[in-house]
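Here the structure comes first, spelled out in C-alpha cells, and everything after it is commentary.
The values are calculated or read from the model by the stated rules, or taken from the named source; none is laboratory data. Quantities reported herein were computed from a predicted structural model and do not represent experimental measurements. Note: ideal-geometry Cβ built from the backbone for every residue, glycine included; neighbour counts use all protein chains shown. Quick note on the areas: whole protein, heavy atoms, side chains included, nothing else; ligands and nucleic acids left out. Shrake-Rupley method; radii C 1.70, N 1.55, O 1.52, S 1.80 Å.
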Amino acid sequence: MKLSEKSQILLNRYLLAVERRLPLQGRKDMIAEIQANLLDKLEDTYSPEEVLTESQLEAELRKFGSPRSVAASYHTSNALIAPEFNELFRLVVTVLVPIVVAAVFLAGLISFVVSGGANPFGSFFGLMSSMAGVAMNIIGGFAIVMIVITRFFPGVVGAIKVGFIDDEKDDWKVSELPEPVDSSDRIQIWEPIVGIVVNSILLVILLFLFDQLVGIWWFSDNAWHVIPIFTDAFKAFIPMMAVKVGLELVLNAIQLYQHRRSLLSRWFEVGIKALELTIVGLMLNAGRLLFFDEALAMEHGVSTEGVEGLSVLFQFDFLRWFLVFLLVVLGIDLIKKVVQAVRKTAETIR
Amino acid sequence: MIEPEVIQEHVDKLSAEMRRGLIVLVVMSQLETEEYGYSLLKKLEEKGYDITQDTLYPLMRRLETQGYLNSDWKVDEPRPRRYYQLNELGEAVLEALRKEWKEQFKVIEEITK
C-alpha cells in the first residue's frame, strides 16, 4: 500500500487533528502509536502495490473514527474537573464559602453600624452583592484552578490526597452515629441560618439604629427622609425586644449546632414565646405608642394631601388593633408549643 | 407485548456492561507473547472476540501504566511498531485473575441455571 501525495497530506492533517486533542502527557508517543496502528490496518486492507487515493483514505479514516473520538479514548476521563477533587471541592463549597460569607456579612453589619445607618438601602444591597460576589469568586476561582490542574497537570491530580477527609471516611465509631430524629424534631439547616441573619439585623437596628431607620420613609428633594412615628412609650420596650431577639439568636445557634429541635430548645422556645406575649401585653397597656408629627412630615416634603391621609390612618390607632391580633396569635402559638414541649418531655422521661 | 427490538436494545446495553468487566482478562491473556496493537486486534477478531480499536489501544497503554505490561518500540521492521508483553507482575496477576474468573464462572453458572 502506498499513499498518493494528496492522501499523505490528508493523513498528516488527520493525525494532527487527533494529536491536538490527546492528553499533553505522552502525546508524541500516543500519536506515533496511533499512526502505526492506522498504517497497519491500511496495509492489511490494501495490496502492497496499490496506491491509495484521497477518497479511499478518507473512507478508511472515517471507519477509524473522528479525530475527537480517537483522541477521547486516550483520555482516562473527559471530566473538566478530575473526580479526585470532588471531596476537596465539596469542602470548599460547604465549609469555606459559608465561613467567608458569614465574615463578610459581619463586617458589612459592623461597617453599617459605624456609619450610623447611612444609606440603608444602598448598604443592604451592597452587602448582599458582596456576599454573593465573594461566594462566586471563591467557587469560580477554585474551579478554574482545578480545571487547569486537571487539563495541564494530570500527574498532580493523582498525587493530591486530602488526608483528613480520607481518615474521616474510613474511621467511624458507633457512638458517633446520630440519634434517630423524630420527624417533628427535624429542622432544615437553612432555618436557623436565616434566623441568625434576620435576628442579627434586627438586633443591630434595635440597639443602634432605631431612630435612624424606623419610621415612615419619604423621598423628596432627591433624598430619602425618615419621619419618626414611635413615641417614647414604645421606645421604652426596645431593651425588652432586644433581649427577646437576642434569645432567639441563641435559640438559632442551639438549633444550628444540634441540627434538630431538642428538649432544651423546645423549652427555650416556650420561654421566648412567653416573653414575646408579655411584651405585647405590656404594650397594650402602655398608652400612646404612635405619634404622627404633621409639621415634621411637611418639613420633609410630604404633600398636604399625604399628611391628611396619614393623620387619618394614625387616628385609627391601627397598632393597638394589630397588637390585639398578635396577642391572640401568640397565645395560641404558646399553648401549642407548651403542649408539644410537655409531650416531648413525657416521651423522654418514659 | 414487548417488541423484540426493544429487548435486544436492552440486552446489547447490558451485555456490553458485562463484557467491559472481562476485557482486561481477555487482553492480558493474549499478551503472554508480545503483540503490537493491530496484531492483537486481528488475533482477537479471529478468535471471535469483538473489540474496537478505540477500546483496545488505549487499554494496552493503561495496563502498561498500571504496571502489568512492558512495551518496546521496534524499529528494525519496515515501520516502527510498539510491542506489548506481560511482565512478571502481569503474569502473576493474570494467573490470579484466571483462577478468580473460573471460580466466579462456576458460582454464576450455578446461580443463573
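Taking the conditions (1) under 26 Å from A:I349 (Cβ atoms); (2) open to solvent by 50 Å² or more (accessible area, probe 1.4 Å) in turn, A:L256 satisfies each one other than (1). Annotation note: Cβ proximity below 6 Å between a residue of the stretch B:46-58 that is without any contact (Cβ under 8 Å) to a residue 60 or more places away in the chain and within 14 Å of another protein chain (Cβ to nearest Cβ) and a residue that is hydroxyl-bearing (S, T, Y) and outside any helix (DSSP H, G or I) (sequence gap 6+ or interchain) occurs for B:D54/A:S73; B:P58/A:S73; B:P58/A:Y74.
Based on this model, can you work out whether B:E17 counts as within 14 Å of chain A (Cβ to nearest Cβ) and closer than 23 Å to A:S73 by Cβ?
Numbers: within 14 Å of chain A (Cβ to nearest Cβ): no; closer than 23 Å to A:S73 by Cβ: yes.
In short, no.
With respect to the conditions (1) within 14 Å of chain A (Cβ to nearest Cβ); (2) in a helix (DSSP H, G or I), B:Y83 falls short on a single one, namely (2). Taking the criterion of being open to solvent by 60 Å² or more (accessible area, probe 1.4 Å) and away from every other protein chain (no Cβ under 14 Å), the residues of the stretch A:73-86 that qualify are A:L80, A:P83, A:E84, A:N86.
Assess whether A:L289 counts as being farther than 30 Å from A:N222 by Cβ and either outside the structural domain of A:P178 (by TED's automatic domain parsing) or among the aliphatic types (A, V, I, L, M) (or both).
yes
The conditions of being more than 28 Å from A:P23 (Cα to Cα) and within 14 Å of chain A (Cβ to nearest Cβ) are not met by B:E109. Put simply, of A:L277, A:L326, A:L296, A:L282 the only residue that is within 21 Å of A:K235 (Cα to Cα) and in contact with a strand residue (DSSP E or B) (Cβ under 7 Å, 6 or more places away or on another chain) is A:L296. The residues on offer are A:V92, A:V97, A:V70, A:V101, and the sole one that is in a helix (DSSP H, G or I), within 12 Å of chain B (Cβ to nearest Cβ), surrounded by 14 or more Cβ atoms within 10 Å (Cβ to Cβ) and out of contact with any Ser or Thr (no Cβ under 6 Å at 6 or more places or on another chain) is A:V70. The set of residues in the stretch A:220-251 being open to solvent by 40 Å² or more (accessible area, probe 1.4 Å), at pLDDT below 85 and touching a Gly at 6+ places or on another chain (Cβ under 8 Å) consists of A:D221, A:H225. I'd like the residue in the stretch A:38-67 that is among the hydrophobic types (A, V, I, L, M, F, W, C) and open to solvent by 40 Å² or more (accessible area, probe 1.4 Å) and, out of all such residues, is farthest from A:L3 (Cα to Cα). Among them, the one singled out is A:A59.
Within the stretch B:1-46, the set of residues being outside any helix (DSSP H, G or I) and either in contact with a Gly (Cβ under 6 Å, 6 or more places away or on another chain) or open to solvent by 90 Å² or more (accessible area, probe 1.4 Å) (or both) comprises B:M1, B:I2, B:E3. In the stretch B:64-77, the residue that is nearest to the other protein chains (Cβ to nearest Cβ) out of those that are out of contact with any Phe, Trp or Tyr (no Cβ under 8 Å at 6 or more places or on another chain) and touching a residue at least 12 places away in the same chain (Cβ under 8 Å) is B:G67.
Based on what the data block shows, is A:D29 out of contact with any Cys (no Cβ under 6 Å at 6 or more places or on another chain) and open to solvent by 30 Å² or more (accessible area, probe 1.4 Å)?
yes
Among the residues making up the stretch A:312-350, those that are small (G, A, S) and surrounded by 13 or more Cβ atoms within 10 Å (Cβ to Cβ) are A:G331, A:A341. Against the criterion of being within 14 Å of chain B (Cβ to nearest Cβ), in a helix (DSSP H, G or I) and farther than 21 Å from A:V157 by Cα, A:S111 does not qualify.
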